Amino acid sequence: MKREPTPRRRAEDVAGPPAPTVLVPLDGSASATAALPVARTLAGLLRATLHVIHVAPQPIPEAEIPERLRLSPEQLHDAVVDTREGDPIPNILDVVAGQPSSTVLVLCTHTGADHAAGGLGRVAEALLLDAPCPLLFVQPERGMAPWVLHRALLPHDGTPTTAAAFHPAADLARRADAELVVLHAAAPGEARPAEPGTYTAPLYVDQPQHEWPSWAWEFLERVGSLGRLPSGLKLRLFLARGDPGSTIIDFARRNPVDLIILAWHGRREPERALTVKTVLRQAPCPVLIQRVREPAPR
């Protein structure tokens, strides 16, 4: 276990690009520790530093940290442990602000010390809205079982905005030697997305043995801006019709999926975040929220 020095060095004070960091907030509850196995596997895949942060009302002696976090010293081996005082939300955001482009925040959707409302606790809800980095949400019910990534599910509506999540998802799947499943889900009767560059599925396929392979390849090239698929990537495309949130959950439950990856632009309007909230509330596996930028208005 490594103790984080105080004060911390800022990323801009170090020459060269910052090393990737997997940041895990633990509040001292038993349920919060479920995020640690997922975070440790992710750190290994990304070759990142595993950074555990605990925010408490008062200072904690270093010798008491493992017990306070309900972990053994061995479980914190090779992790940087950072203890702070005050409100957890601004403290966590302060750490992320140091290197938002190279940090992945891994946390439970809710914990015993953080009552869940609509699937997310107070801290998780605030970080979902305000953290400028990818967030990986873990269900506390999964416990401390090891986590291995064999299949990742990437829902896609065909817009360039959600296409921005394709490359991070493909890179993670390639690192894990996992299969990346792209699910194109559209609600019947729903208007086609107005975003320029959108490429959606045809309403009817008269000759599926000819038209489906052609459309699938064109879809992947357009929405992923690929030109060429990453070497070694295992990739499959599925088409489904129905409410996007319910369709994603149904697919994940019917198929062995270890991770759902959602692209989200961070808009807070209820209708904009409906799919994200549905998946976070009902997902049978961890969910990675990949921040993307909305295109500038023409």
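Since every read-out is calculated from the coordinates, none of them should be taken as a lab result. Note that the structure is a prediction, hence the values are computed from the model and not measured. Reconstructed Cβ throughout: ideal geometry from the backbone, glycine too, with neighbour counts over all protein chains shown.
Among residues other than LEU183 whose Cβ falls under 11 Å from its Cβ, what is the net charge (Lys/Arg +1, Asp/Glu -1)? It would help to have the intermediate numbers written out before the result.
Working: positive: ARG236; negative: ASP157, ASP250.
So the surrounding residues net to -1.
Could you state the principal axis extents of the C-alpha atoms in the range 68-172, from the largest down, to the nearest angstrom?
Ordered largest first, the range 68-172 gives principal extents of 46, 30, 30 Å.
At a Förster distance of 45 Å, what's the computed FRET efficiency of HIS77 paired with ASP250, Cβ-Cβ distance as r, to 0.05? Write out the running numbers ahead of the final one.
Numbers: r = 39 Å, r/R0 = 0.87.
E between HIS77 and ASP250, to the nearest 0.05, is 0.70.
May I ask for the net charge around ASN255, where only other residues with Cβ less than 15 Å from the Cβ of ASN255 are counted and Lys, Arg are +1 while Asp, Glu are -1? Write out the running numbers ahead of the final one.
On the way: positive: ARG151, LYS234, ARG236, ARG253, ARG254; negative: GLU179, ASP250, ASP258.
The answer is +2.
Modelling each spin label as a point 7 Å along the Cα-to-Cβ direction, I'd like the ASP87/ARG293 distance in nm, to one decimal.
2.9 nm
Taking the convex hull of the Cα atoms, report for the range 45-117 its projected area averaged over all directions, in nm².
Numbers: hull surface 24.0 nm².
Over all viewing directions, the range 45-117 projects a mean Cα-hull area of 6.0 nm².
Take SER102 and ALA145, extend 7 Å from each Cα along the Cα→Cβ direction, and tell me the distance between the two endpoints in nm.
3.5 nm
Name all residues of the range 37-69 having a backbone nitrogen under 19 Å from the label point set 7 Å from the Cα of ASP171 along its Cα→Cβ direction, giving them as ranges.
Answer for the range 37-69: 39-51.
Under the √(5λ) rule applied to the eigenvalues of the Cα gyration tensor, what semi-axes describe the equivalent ellipsoid of the range 10-94? Give them in Å, descending. Each step should come with its number before you reach the end.
Values: eigenvalues 91, 58, 27 Å².
With the √(5λ) rule applied to the range 10-94, the semi-axes are 21, 17, 12 Å.
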